[in-house]
1. Once the other residues with Cβ under 11 Å from the Cβ of PRO358 are scored (Lys, Arg +1; Asp, Glu -1), what is the net sum?
2. Would you kindly calculate the translational diffusion coefficient of region 315-395, applying Stokes-Einstein with the Kirkwood radius from alpha carbon pairs, for 10 °C and a viscosity of 1.306 mPa s, and quote it in µm² s⁻¹ without decimals?
3. Using only Cα atoms, tell me the angle between helix 60-72 and the longest principal axis of the chain; keep it within 0 to 90° and round to the nearest 10.
4. If I compute solvent accessible area with a 1.4 Å probe over the protein chains, what percent of it on the chain is carbon and sulfur?
5. By how many degrees, between 0 and 90 and to the nearest 10, does the Cα long axis of helix 308-318 differ from the longest principal axis of the chain?
6. If I model a spin label at ARG114 and ARG270 as a point 7 Å from the Cα along the Cα→Cβ vector, what separation in nanometres do I get?
7. Can you give the accessible area of GLU45 in Å² (nearest 10), computed on protein heavy atoms with a 1.4 Å probe?
8. On a 0 to 90° scale, report how tilted helix 358-372 is relative to the longest principal axis of the chain, with both axes built from alpha carbons and the result rounded to the nearest 10.
Amino acid sequence: MFTQVPPASWTSGLPSARLWAALPRELAVHFRPRVDPLVRAILREVRPAVPEYRQQPEGVAVRQAITRCLDTVGAPAAVAQEAWKTVFRDLGRAEYDAGRDLSRLQSAYRVGGRVAWRHVREFGRASDVRADVLYICAEAIFAFVDEISALSIEGYTAAMTHATDTLASRRRRLVDLLVADQPVAPHTIAERAASARWPVPDLVTVVAVEPGADDHEFVPSGLPAEVLVDLVRAQPCLITPERHLRGLAARLPGRRLAVGPATRIADVPRSLSLARRTLALVRRGVLPDRPVSHCAEHLGTLWLLGDEFLAREIRARSLRPFDGLKPAQRRRLGETLLVWLRTRGSVLATAKELKVHPQTVRYRVHQLTELFGDRLDNADDRLNLQIALRADVLLDR
């Protein structure tokens, strides 16, 4: 009974569909009355083995698996596959959505495979099925278990990828919201932050990141979930509680970072603007070239160069007495005047800082007095001169 099968050695390593197709069609016909008992038997053994499935009474997936196998028995022509594949991909997705790994589902598949083989073997003995036919049945059952496990892995991975992509998108949109120039209602930020799984801190630090050629591919590793990262935008940035600043440079190798002042959520755009301006001044050589620059260390420079047109106007008007001088003389007198004003007119302190003789300072101060007159005695004019001289140094870099 149930003859005309290929040699057992021919079946090794084949997909389950080809193994089922190699079996006699009448095998499926005679086994169909046993489908319901087999479904119940599989469920009885799966539930104790995998406690998480005790509250799932339906045997839809189990019946789908058995039906798929029987429909393929003795059917060399391709059998429609997508419907049954979707069932097992969806089971993998459901495991991810439930917050579980795949070990329980795969354990259920293995238990189900063993129960199915036991029933087929008993059926074979009762029906006088040849040993080589049963051998192919066993091969087909366990090949099918491997295939549905692979399908569930596909579904699990797809769900995980989708969730990751969705969360990343939500976090990027949250960054867009936080750095927007237009004010955003606090409840809107709270809702978006909850959706992006970002706990809103009282204060945040904004970090401007130098763009890189691989920003669309690069993902910094080891960053805590509290750090919002957006390297895709034209001007990349991070938003983080201050406690996570340490070690950022190591996670973004080869890129300059500029750290804005710690601020409330509502002032994130202003802090980011300062950080970006700091980064731009580092690239221009106005500020020291370091892997990480802190705005707090350069507030005077940032203020002075916040409006370069205005800074140039102040320089031009305040330093007009220098216009007729040669560049070298202008540089020496400007340097001396800046230090002299900063040291409150101390000749000795000025000479020490400039590393020149005090008599040289006296001579230069005499020249400056001839150029600027009583402006050197007026507090407002002295302040304007200091600002202009500092701007002169910065703007020439």
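The values are calculated or read from the model by the stated rules, or taken from the named source; none is laboratory data. In this text the structure is predicted, and so the values were computed from the model without any measurement. When we count neighbours, we look across all protein chains shown, and the Cβ atoms used for this are built from the backbone with ideal geometry, even at glycine. The area values use the complete protein model at the heavy-atom level, side chains included, leaving out ligands, DNA and RNA. Shrake-Rupley method; radii C 1.70, N 1.55, O 1.52, S 1.80 Å.
1. +3
2. My calculation gives 126 µm²/s for D.
3. 60 degrees
4. Values: 11470 of 21690 Å².
That share works out to 53 percent.
5. So the inclination is approximately 10 degrees.
6. Result for the modelled spin labels: 6.8 nm.
7. Approximately 80 Å² for this residue.
8. Rounded to the nearest ten degrees, it is 90.
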